Amino acid sequence: MLVSLNWLKQYVDLGRETPESLADKITKTGIEVEGIEYVSEQLDHVVVGYVESCQKHPDADKLNVTKVNVGDEVLQIVCGAPNVAEGQHVVVAKVGAVLPGNFKIKQAKLRGVESNGMICSLQELGIKEQYVPKDLADGIFVFTESVQVGRDVTEYLNLDDAILELGLTPNRSDALSMLGVAYEVAAILNEEVILPDETYTTTDEQATERVSVKVEATDDNPYYGAFVAKNVTIKSAPLWMRNYLMAAGIRPINNVVDITNYVLLEYGQPLHAFDLDKFGSDQIVVRRAADNKTFVTLDEETRTLSDQHLVITNGQAPQALAGVMGGFESEVSATTTTVLLEAAYFDGKRVRQAVKDHGLRSESSTRFEKGVDPNRVKRAGYRALHLLEKYADAKICVGVSEYDALDYSEKDVVITTERINDRLGTTITDQDIAIILDKLQFTYDQDKSTFTVHVPTRRQDITIFEDMLEEVARIYGYDHLDYTLPEGGQFAGKLTERQALKRFIKQVMEGAGLSEAITYSLTTTERATTLVAPDIKTQAVSPVRLAMPMSEEHSTLRLSLLPELLAVASYNQARKEKDLALYEVGTVFVSDEKEITKQPKELNRLAGILNGQWLTHPFQQEHKAVDFYVAKGIVETLVDRLGLDVTFRQAEIDGMHPGRTAEVYHNDQSIGFIGQVHPTLAKSYDLKAVYVFDLDLEYLYDHVDLEPNFNHIPRFPSMSRDIALVMDEMVPSGDVLATIKQAAGEHLYSLHVFDVYQGEHLPVGKKSLAFNLRYLDPSRTLTDDEVEASYEKVLAAVKSTHGAVLRA
Amino acid sequence: MQDKLQALREEALTKINEADDLKALEAVRVGYLGKKGPITEVLRGMGKLSAEERPVVGELANTVRAAITEALEAKKQVFEEEALNEQLKAEAIDVTLPGRPVTLGGPHLLTSIVTEIEDLFIGMGFEVKEGPEVETDYYNFEALNLPKDHPARDMQDSFYVTEELLMRTHTSPVQARTMGEYKGNKPVKMICPGKVYRRDTDDATHSHQFTQVEGLYVDKNVRMSDLKGVLNQFAKQFFGEEREIRLRPSFFPFTEPSVEMDISCKVCHGKGCSVCKQTGWIEILGGGMVHPDVLKMAGYDPEIYSGFAFGMGPERIAMLKYGVDDIRHFYTNDQRFLAQYHQA
Ligand SMILES: [Zn+2]
């Protein structure tokens, strides 16, 4: 809502408030002023001039040489505007004037003819192009009413006006009108509201004789009033009205249309003027439209209607889409003489439906959607008739032809001083509350500390105690509330185990050198279903897709964090950030339904991506590209920190390198995977050797115990044995480790692979694995014999299980 | 014989003194103390001596041997020290070359901010609650006083999955769920951080996915001044002791009265500058007293219970606090962007 302060002054005394001070007060009291704009700058030497003569320039077709009387002198001015003519009152910027945009007016010679000033268009005075009336858009401004030659134009053209831009929250539709804003400002400044003149004289004829009103859709339209204004003269609206409309961001058209727009802004009540002679009948029927009926609106667009839309018809054909836009057929035009003026109350839901279906939002529909003041509907009609009589020479028919089932009653809300103080934490008195209600111009009955407030119908947003609480609080001033801390019982705030664990896991990742990334949950359907972990794949029937995505790019909920992380790696690589180690903790969305009817399961995953070099220290010739074991080491570090004993099994997963992928198991439960992304998939992201991991955090949360167990630091030395075994190259080291672990007995303390060899010293198809075994008994020193016995058992076990023999 | 020993000592000490490397020194040791050396010889000839002379000569021989050994050791140590110094000199490196980098990762800026907010509110006795991102229409809207035809639903055009399911547009449904969980008879003191989604085209200031942290406190006798006090404490701890807050009336369907909170501009301290668009204040969060219908729907009697709620956007806070100029930075994860915020 754009509020012209010059206009606002017609209803409330602004005293000495500057635009800035007023804006600050309005913002603090409840309506955010989002900006202050000035119509123009301070202009000097810009006055009214009278064109005494106008002749063609001798050497230029498009120029005219004019003599303009500016009161104290007559200036010769060369003017290029096509609409300049003798006898006009115009705006003259004299030599020395500075127009907006720092445009300095100087004495000049144009094609040899001296020019002492400039005749101005509205745009040149700073008025925004889109608000300038169409007939004046390409030329100079011409006064249509009597003005005094030589006078400063500032006042005539409202150039000293300041416009407040109000950011209205949905509840404050009452401020979608100048009167509504006036009530708000009056409450803030403790002033009275001056109401506009709604009086007019009438002819003998009754409005009901000219037109009948029948409302069929009574729920959609509890009030419809039709007024008739005869003998109208279509011309320009008065300058002040056009100025205010332009200030409010509405382009003036003609007096009748401008008056309806002016009253709409003044009262917040949309009106519509039909040309009664073109209406097609003398009966108005308001009803739902027939399905598939077409109708041409004012903007000359053909609209296809449905029974969800409310229309104003002449009994046969629609003439207006109720509350949204009038019809082209019965539009007011230059030839109109009889105006049918509609003042109605349309239900917001019905109007919203039409707005939605036709993509047509107007000043009218906005107000109906939010709800207009029932007590202003008819009064807006009266106000328009007052203006039509005055500025369109209209003869007004007596009364109104109407259908009226509107509820005009004021709602009562009871408040008590005690409850107000309890809720606000204040100590305000009965007297304070009475003063606040008076400022708001709310009437009430007071019984000591109990106030029965009769909420005026312009404040449709106030229905319950809490609404009144807010009114009292905001007028009292939020600034005046104390700072207190809750007096209720004390709580101990604490993260849950799961939340603490999530933080811990992130810290481990970061300690391991990975940075956290956060990517989008919504991705393409293709990406949503790429690199899905086996444990997810078994549960997800189909990915969850949005009903109406804005783009395919963000259409589907992910089943894996990895595709978006690949995109991140790709993005970074394209910016020469090739070496990358990232992790993300996020949610995947798993539904077991083909057609979604219930919420999908939302499962936490931990995913990581490694690209480029893991480690570089160039002058020491250290270069270590990421590889499978780097990724695995990170996962091992994590599960080790979580106290979980996991195993890795060679796996084949879509989108992963078939020979370099392992599934991670804990107690035979698959909890994720690690490996190299399949080169074909990597290539589609412009990546080469890229490694990833993906773990089921839900499982980890459920199976980890963060309570540390104290283990005694061993007092006796451990004993160490190395063993190098030769076996078929296909035997996984993990299996051999498992065999050793089982065979070595209770004193085995630690077990590591420390060498892998394949090559010329071994037969083809064989490899050698070397293990280090450490034995320990916490209660005593082990004997050589005991260790030797275990060692022999290990040798026997690996031989029988894997055909492995001691390396010679 | 005694004279001979004395002479040997002098001779050996001179040679030790003259030795100029370890090898020469070793030759001296072998020459004087070796099995075939003169001192051994002297000792071997002791049998010929009288019983009186024997211990005297024996003792002297030992003294001489000890003196020579000691001198040898001392000289050897000198040589070793010199050799070590030589070696260390040869081992010198360029200490100004860069060290081998230790790669540490770090949290995403949004995580850092959310964590800080969580910790501040945990300190004030709040618990952290989470909830689903695909939410029911009921919890996302209806339980928050936004029935199906409510005009305020326009404010947050949403991504629907089905007619009844949508990507949550705020984390407030977690509040409704928690109140439901506590069955209307237990105070609620919680914050709920999380991802939310709105039907916006991504640009410098809009993102279809973003983060929210909302808070809720419901108990007997919760006052609006408590909201002001708690938010003030948060603002001072999070943004700095010198920052002031102000509350302005606003509107949210789930609170009444509703507020927006501004903090004083850190650049101009409230005087007005270009950062705060000349107002002296910067908008940080929204909140208000929980709407009685929201309490009722969750089973709390608004005659007995009251409460306050608030919500803020970590992206916006990050943009204000760190001058991040484009919201898309948070989700493109440019490594150079991520790394900037890993410092203490
Ligand atoms: Zn500032």
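The values are calculated or read from the model by the stated rules, or taken from the named source; none is laboratory data. Owing to the predicted nature of the structure, the values given are computational and were not obtained by experimental measurement. Positions of Cβ are generated from backbone atoms using ideal geometry, with glycine treated the same way; all protein chains shown enter the neighbour counts. Side chains are part of the model used for accessible areas, which takes the heavy atoms of the whole protein and leaves out ligands, DNA and RNA. Shrake-Rupley method; radii C 1.70, N 1.55, O 1.52, S 1.80 Å.
Below, the figures for the structure above:
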item	result
Matching helices (runs of 4 or more DSSP H) fully within region A:460-575 where at least 1 residues are more than 7 Å from every other protein chain (Cβ to nearest Cβ), touching a residue at least 24 places away in the same chain (Cβ under 8 Å) and over 30 Å from residue B:123 (Cα atoms)	A:465-476, A:525-528, A:534-537, A:562-574
Any hit, region A:604-615, residues being part of a strand (DSSP E or B), facing another protein chain (nearest Cβ under 7 Å), modelled with pLDDT of 95 or more and within 23 Å of residue B:202 (Cβ to Cβ)	no
Residues of region B:57-96 satisfying the condition of being open to solvent by 80 Å² or more (accessible area, probe 1.4 Å) and of a type in the set (A, V, I, L, M, F, W, C)	B:84, B:88, B:90, B:93, B:95
One residue from A:681, A:695 being surrounded by 13 or more Cβ atoms within 10 Å (Cβ to Cβ), in contact (Cβ under 8 Å) with a residue 60 or more places away in the chain and in a helix (DSSP H, G or I)	A:681
Subset of region B:286-313 that is within 37 Å of the chain's Cα centre (by Cα) and within 11 Å of another protein chain (Cβ to nearest Cβ) - its residue that is nearest to the ligand (Cβ to nearest atom)	B:286
Filter result (away from the ligand (no atom under 13 Å from the Cβ) and open to solvent by 20 Å² or more (accessible area, probe 1.4 Å)) within region B:252-285	B:252, B:254, B:260
Whichever residue in region A:757-808 is within 20 Å of residue A:735 (Cα to Cα) and β-branched (Val, Ile, Thr) and, among such residues, is surrounded by the fewest Cβ atoms within 10 Å (Cβ to Cβ)	A:805
Matching residues in region B:23-54 - criterion: being open to solvent by 80 Å² or more (accessible area, probe 1.4 Å) and assigned to a helix (DSSP H, G or I)	B:23, B:26, B:29, B:41, B:44, B:48, B:53, B:54
Residue satisfying all of: in region A:159-171; of a type outside the set (Val, Ile, Thr), assigned to a loop (DSSP other than H, G, I, E, B) and open to solvent by 10 Å² or more (accessible area, probe 1.4 Å); farthest from the other protein chains (Cβ to nearest Cβ) among these	A:160
Subset of region B:237-251 that is within 16 Å of the ligand (Cβ to nearest atom) and without any contact (Cβ under 8 Å) to a residue 40 or more places away in the chain - its residue that is farthest from the chain's Cα centre (by Cα)	B:246
Residue in region A:617-638 that is touching an Asp or Glu at 6+ places or on another chain (Cβ under 7 Å) and open to solvent by 70 Å² or more (accessible area, probe 1.4 Å) present	no
Members of region B:198-237 that are more than 11 Å from chain A (Cβ to nearest Cβ), of a type outside the set (D, E, K, R) and open to solvent by 10 Å² or more (accessible area, probe 1.4 Å)	B:204, B:205, B:206, B:212, B:237
Strands (runs of 3 or more DSSP E) enclosed by region A:1-119 - at least 2 residues per element that are modelled with pLDDT of 90 or more	A:2-4, A:32-38, A:46-57, A:60-69, A:74-79, A:89-93, A:113-115
All positions within region B:79-130 that are over 20 Å from residue A:620 (Cα atoms) and not in a helix (DSSP H, G or I)	B:104, B:105, B:106, B:107, B:108, B:124, B:125, B:126, B:127, B:128, B:129, B:130
Conditions (1) touching a strand residue (DSSP E or B) at 6+ places or on another chain (Cβ under 7 Å); (2) more than 10 Å from every other protein chain (Cβ to nearest Cβ); (3) not in a loop (DSSP other than H, G, I, E, B); number of the one not met by residue B:166	(2)
Region A:396-441: number of residues that are polar (S, T, N, Q), more than 14 Å from chain B (Cβ to nearest Cβ) and under 39 Å from the mean Cα position of the chain (by Cα)	3
